[in-house]
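Contents: one structure, followed by commentary.
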Amino acid sequence: SDGMVLQSAPAQAVVWGFVADGAKVSVSFGGQSVPVETGTYVGESVFTATLPATPASLTSMHNITATSGKETITLGNVLFGDVWVCSGQSNMAYPIGSPTCWNESNINCTVRDAQCGYGCANNSAAEIKAMADWPHLRLFENTDRGSKVPLADSGSTGWKTPAEFGGGFSAACWFFGRDVYDKLETKRPIGLMATHVGGTPDQHWSSPDAIDKCKGSEPWDWPANFTDSVLWNGKVVPLLKTTIKGAIWYQGEANSRTDGRQYNCSFPAMIEDWRAKWGQHNGQSDPAFPFGWAQLNSNGAAELYTTATKNTPTAGD
């Protein structure tokens, strides 16, 4: 949509859309024609254009135009910077809150109100007001849930400035993007794509290929006939054609009912598969992109962290 952030150089951003079978499509960027490929994605007829590598800039706004027959679509106010995907369960889904949610006199939850139901971040009114100070961050959330089959597209909020989105956005995703921007020596736009559902296990977010890597005969393995991938189908597959910088994930509590050995396979398998699939589907995302993750702390979690990072050394990059 208008106002989106696309991945900057040295990677090339990919834009795509739906088109009638056999129709011709032309794409214009920066006054120049961009080569277009037509084909299928998850059974849908689509066109795909890989844009020239474009430097990050806080001031350069771009237009992208796609034309097919008598129909023309133009996206305006497009920025180039770094694009991050924020995913996981409830601690990624919890919002910043509302201007009236936080009550400094109730930090110990003497009164069981919205604040005490994980309804807002500390000092939510101040945090929401301050969002206007980061106009070069852009926020996006896909809004559909699971699917038994892979989907090419999903419902979304469209891209919005922080002030437009307000307190309804993921607090963890927002603070991550804000802090990354603040730490950059050379500032660039940051695009945050949120895709999360509370209370969900990692097998919901894993492709069939990732699940297959953890099937076996041990009690902690997935059985031979096990299938899942419902959130992978509905909330990850629609994003795979987007060039990204990296991903962050929070948390693994829905997988805590076992002794850790199942998750010790399933989570690293999910990470490796996300990296591979993003690289395969747009040809531009780094197949070793950074994947940052966190989960609630406990002795079991600490032990699991040690084991998991031994198996995938880049999981916590």
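Couple of notes before you dig in:
- In order through the stretch 90-105: 3J(HN,Hα) via Karplus (6.51 cos²θ - 1.76 cosθ + 1.60), integer Hz, x for Gly, Pro: 5, 6, 8, 7, 4, x, 4, x, 10, x, 10, 6, 6, 10, 4, 7
- The Kirkwood hydrodynamic radius of the stretch 153-277, based on inverse pair distances between different Cα atoms, is 16.4 Å.
- Relative packing of 203-209, 36-42, which averages over residues the other C-beta atoms within 10 Å, highest first: 203-209, 36-42
- Kyte-Doolittle mean at least -0.5 and Cα axial length at least 15 Å: DSSP H helices in the chain: 171-183
- Computed Kirkwood radius, in angstrom, where 1/r is averaged over Cα pairs of the stretch 113-185: 14.0
- Only beta bridges with both residues in the chain are counted; by DSSP, about 55 percent of them are antiparallel.
- Where N is the number of residues in the stretch 123-227, Cα Rg divided by 2.2 N^0.38 Å: 1.42
- For the stretch 161-201, the calculated P(r) over all alpha carbon pairs, in 10 Å bins from 0 to the bin holding the longest distance, is 23, 51, 21, 4 percent.
- Around the amide H of Val46, modelled in the peptide plane, lie the amide H atoms of Val19, Gly39, Thr40, Tyr41, all under 5 Å away and 5 or more residues distant in sequence or on another chain.
- Radius of gyration and Dmax over the Cα atoms of the chain, both given in Å: 20.4, 64
- Net charge over other residues, Cβ less than 10 angstrom from the Cβ of Ala56 (K, R count +1; D, E count -1): +1
- Across the stretch 246-257, rounded Karplus estimates of 3J(HN,Hα) from the backbone phi angles (6.51 cos²θ - 1.76 cosθ + 1.60, θ = phi - 60°) give x, 9, 10, 9, 8, 6, x, 5, 6, 9, 8, 7 Hz, Gly and Pro being marked x.
- Point-charge dipole on Cβ atoms (K/R +1, D/E -1) for the chain, about Cα centre, debye to 20: 300
- Dmax and Rg, reported as Rg then Dmax, of the stretch 44-151 (C-alpha, Å): 20.2, 64
- Based on Cα contacts under 8 Å between residues 6+ apart, the stretch 131-260 shows a relative contact order of 32 percent.
- A 1.4 Å probe run over the protein chains yields, for the chain, 47 Å² of accessible area per residue, whole-number rounding.
- Diffusion constant of the stretch 3-76 at 4 °C, which comes from Stokes-Einstein with the Kirkwood Cα-pair radius and 1.567 mPa s, µm²/s: 99
The values are calculated or read from the model by the stated rules, or taken from the named source; none is laboratory data. Nothing here was measured: the structure is a model prediction, and the numbers come from that model. So basically every Cβ, Gly included, is an ideal-geometry build from the backbone, and we count neighbours across all protein chains shown. Note: areas computed on protein heavy atoms with side chains; ligands, DNA, RNA excluded. Shrake-Rupley method; radii C 1.70, N 1.55, O 1.52, S 1.80 Å.
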